[in-house]
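Below is one structure, written out as structure tokens; the observations come after it.
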Amino acid sequence: AAMVQKYQSPVRVYKHPFELIMAAYERRFPTCPLIPMFVASDIVNEYRSEDGAVHVIERRCKLDIDAPRLLKKIAGVDYVYFVQKNSLNRRERTLHIEAYNETFSNRVIINEHCSYTVHPDNEDWTCFEQSASLDIKSFFGFESTVEKIAMKQYTSNIKKGKEIIEYYLKQLEEEGITFVPRWTPPVACKLESSASHPRRPVSPAINIPDSATKEGLNNKEILNTSSSPSEPTAGTPDDKLDADYIKRYLGDLTPMQESCLIRLRQWLQETHKGKIPKDEHILRFLRARDFNIDKAREILCQSLTWRKQHQVDYILDTWNPPQVLQDYYAGGWHHHDKDGRPLYVLRLGQMDTKGLVRALGEEALLRYVLSINEEGLRRCEENTKVFGRPISSWTCLVDLEGLNMRHLWRPGVKALLRIIEVVEANYPETLGRLLILRAPRVFPVLWTLVSPFIDDNTRKKFLIYAGNDYQGPGGLLDYIDKEIIPDFLGGECMCEVPEGGLVPKSLYRTAEELENDDIKLWTETIYQSASVFKGAPHEVLIQIVDASSVITWDFDVCKGDIVFNIFHSKRAPQPPKKDSLGAHSITSPGGNNVQLIDKVWQLGRDYSMVESPLICKEGESVQGSHVTRWPGFYILQWKFHSMPACATTNLPRVDDVLASLQVSSHKCKVMYYTEVIGSEDFRGSMTSLESSHSGFSQLSAATTSSSQSHSSSMISR
């Protein structure tokens, strides 16, 4: 099977002018002592423009790849040849490099693009970027070995690239060269040539003064390449990540890890309409899946949908925890540990978990824990600024003094497990260390219940101390400064964390109140979720009385790819069959599945399509609207399109497994919200609505064929 590996570098900024960097770069040819595998290079083609602004060189490079002798023997080659084409444009101050392999080009396809350009914010700095792809079609059964060798060689070369430029810059400096003048158009020959070559005025840029062209070109480039006007990241051109920023704010990443981050981030910018998470948060999801980009993308998309559904982005600003929590939840933030990580102290043994669940219900407790995690993310960001190095996780100190059988109350443990599950899924890699102190004899029982729900990576970060062991060697002082050890642990620091205690029974709520409240919180979101199966779309009926109303929709595709349609019918469809409601109860709260369009209805006779079908990919958010032309019944339909590539990677949860036993595994999930706006309430023109929403307004013209195939598939269903 073919394997395609892709690489995309961050932007590397050299604080030197383009011309000086070029002088350094040219010194690596024909050979370079810093790259021993680069044995020789010959110029095969060369072109210079008449005015000397453009210089293109094509070289054939001979490489001695560091590969096992056996492999070289099987392959029957000692050297590998690459073709490298360098196009230098002195007027625009750009160098574009393209390279591909000549050896084994029918078995392995390697393509590389590099560019040196002027920094958009400082014309005396130079930016470098590179991207590459490796596609191994076949290699005598040694495909994965070749892939490993190629990746290893490639990443070591990426690291070397910077050293090489710096080495030659230093060499130039030693020779007294610290400035190379910019290219200027030859003046004298301009007049003659315009007479003898009447074609000349085709490029009027020559007549514009040098500085103006440069400005113009760069601004144009910036406009073309910058993606949506999202919030700019710290000092990066065109919202790209630069290498120094990564090192300062995100940490030491290998070239392949940087590449995964950049590619996942780019994918989000292109497909995700909502708020894009911060770079350090995207990185957490990559780390949680060992930088497997498909698996990380899947859990990240699920988490983004979840954040939107539960309005998590607004929790810190808009949610006020009930007084019971403020009084009886024995946890709080307390300075930071020796590594600069925010420190959270939880006196679990003093906390009446049973009382809190009885007084509040699971949902409010979960929401509180989420607000703590959101605050944790904020504190990590803050500490990264304060300590001058990346801090992406926090330390949690859990004091179990006072833990008893009351803590093993089943609903309490169930609430805890659910909270752990939600936190694991949405705040991966945020727990730097967990210190469990004063673990009593009942602790192992609780631990056996809880530990299966905790990710292996996370479990490695747990340190458990029984009794007073934490005061001994290897104890608390190794992780936390003496000055901030809390008073209740024998330290001298006043700790503001509430002491917990029993929640008065007068604050308990009845079972009915709790039930209703939990249900209310599940539906607190305005979105509804639906499941879509192969052969069983989900359909929503909207009755329109007044023609020229506006139907609006907003949905997220949480899983799978779907086709979205909107139909009109003069007669009402029959209410959904009993069985689809039955299915609803199986998958709830995972979503319902309702079919309204009767099997005997024919498209074009009983109902008609009023918008072209829209294919929506996993992870997309779609908003759109339709201005109704007739009264009657409109049906919004989400239909199965194709199975996502990475649906099988996530570990199944028990209830998902049960649900999937009852239905086929071809399952997509959608979260949607629809609203009808009366034309008179609708401020602004209809067209502004049509154009501002992504959705049907931007569809291609190729709708006729799809609507035909569509109608036939409708009948066959």
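Give me a count of the residues in region 439-475 that are outside any loop (DSSP other than H, G, I, E, B), open to solvent by 40 Å² or more (accessible area, probe 1.4 Å), within 17 Å of L346 (Cα to Cα) and modelled with pLDDT of 80 or more.
Of region 439-475, the ones outside any loop (DSSP other than H, G, I, E, B) are 439, 443-453, 456-459, 462-466, 469-471.
When the remaining residues are screened for being open to solvent by 40 Å² or more (accessible area, probe 1.4 Å), the result is 444-445, 447-449, 452-453, 456-457, 459, 463-464, 466, 469, 471.
Of the ones still in play, those that are also within 17 Å of L346 (Cα to Cα) are 447, 463-464, 466.
Applying the additional criterion that residues be modelled with pLDDT of 80 or more yields 463-464, 466.
Residues flagged as outside any loop (DSSP other than H, G, I, E, B), open to solvent by 40 Å² or more (accessible area, probe 1.4 Å), within 17 Å of L346 (Cα to Cα) and modelled with pLDDT of 80 or more within region 439-475 amount to 3.
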S133 being touching a strand residue (DSSP E or B) at 6+ places or on another chain (Cβ under 6 Å) and touching a residue at least 40 places away in the same chain (Cβ under 8 Å): yes
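For every residue, the table says whether it meets (1) outside the structural domain of T305 (by the TED database); (2) β-branched (V, I, T); (3) open to solvent by 40 Å² or more (accessible area, probe 1.4 Å); (4) in contact with an Asp or Glu (Cβ under 7 Å, 6 or more places away or on another chain).
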| position | (1), (2), (3), (4) |
| --- | --- |
| R605 | yes, no, yes, no |
| P613 | yes, no, no, no |
| Q623 | yes, no, yes, yes |
| R629 | yes, no, yes, no |
| F633 | yes, no, no, no |
Please report, ordered by residue number, the strands (runs of 3 or more DSSP E) entirely within region 33-102 with at least 1 residues that are aromatic (F, W, Y). 38-48, 80-89, 94-101
Which condition breaks for S9 when tested against (1) open to solvent by 30 Å² or more (accessible area, probe 1.4 Å); (2) in contact with a strand residue (DSSP E or B) (Cβ under 8 Å, 6 or more places away or on another chain)? (1)
Within region 24-46, is there a residue that is touching a His at 6+ places or on another chain (Cβ under 9 Å) and open to solvent by 30 Å² or more (accessible area, probe 1.4 Å)? yes
Going by the conditions given, is L400 open to solvent by less than 10 Å² (accessible area, probe 1.4 Å) and modelled with pLDDT under 90? yes
If D124 passes every condition in (1) closer than 27 Å to L70 by Cβ; (2) outside any helix (DSSP H, G or I); (3) open to solvent by 30 Å² or more (accessible area, probe 1.4 Å) but one, which one does it miss? (1)
Pairs, please: C-beta under 9 Å, at least 6 apart or cross-chain, first residue at positive phi and in region 352-369, second modelled with pLDDT under 85 and not acidic (D, E)? G361/A415; G361/R509; G361/L514; G361/L521
Give the residues of region 413-435 that are free of Cβ contacts under 8 Å to residues at least 60 places away in the same chain and open to solvent by less than 10 Å² (accessible area, probe 1.4 Å), sorted by residue number. V413, L435
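Condition check ((1) at pLDDT 85 or above; (2) in the same structural domain as I615 (by the TED database); (3) assigned to a strand (DSSP E or B)) across all residues:
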| residue | (1), (2), (3) |
| --- | --- |
| I562 | yes, yes, yes |
| N565 | yes, yes, yes |
| S580 | no, no, no |
| H584 | no, no, no |
| I597 | yes, yes, no |
Does region 347-365 contain any residue that is assigned to a helix (DSSP H, G or I), closer than 23 Å to L304 by Cβ and among the small types (G, A, S)? no
Taking the stated definitions as given, is I109 surrounded by 15 or more Cβ atoms within 10 Å (Cβ to Cβ), part of a strand (DSSP E or B) and either touching a residue at least 24 places away in the same chain (Cβ under 8 Å) or β-branched (V, I, T) (or both)? yes
Per the list (1) surrounded by fewer than 22 Cβ atoms within 10 Å (Cβ to Cβ); (2) touching a Leu at 6+ places or on another chain (Cβ under 8 Å), residue check on I246 breaks on (1)
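Condition check ((1) within 17 Å of the chain's Cα centre (by Cα); (2) open to solvent by 30 Å² or more (accessible area, probe 1.4 Å); (3) not aromatic (F, W, Y)) across all residues:
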{"position": "K240", "(1), (2), (3)": "yes, yes, yes"}
{"position": "R263", "(1), (2), (3)": "yes, yes, yes"}
{"position": "K273", "(1), (2), (3)": "yes, yes, yes"}
{"position": "D290", "(1), (2), (3)": "yes, yes, yes"}
{"position": "W306", "(1), (2), (3)": "yes, yes, no"}
{"position": "N320", "(1), (2), (3)": "no, yes, yes"}
{"position": "Y329", "(1), (2), (3)": "no, no, no"}
{"position": "P342", "(1), (2), (3)": "no, no, yes"}
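The values are calculated or read from the model by the stated rules, or taken from the named source; none is laboratory data. Values in this document were obtained by computation on a predicted structure and should not be read as measured data. Every residue, glycine among them, receives a Cβ derived from its backbone with ideal geometry; neighbour counts consider all protein chains shown. Accessible surface is based on the protein model in full, side chains and every heavy atom, while ligands, DNA and RNA are left aside. Shrake-Rupley method; radii C 1.70, N 1.55, O 1.52, S 1.80 Å.
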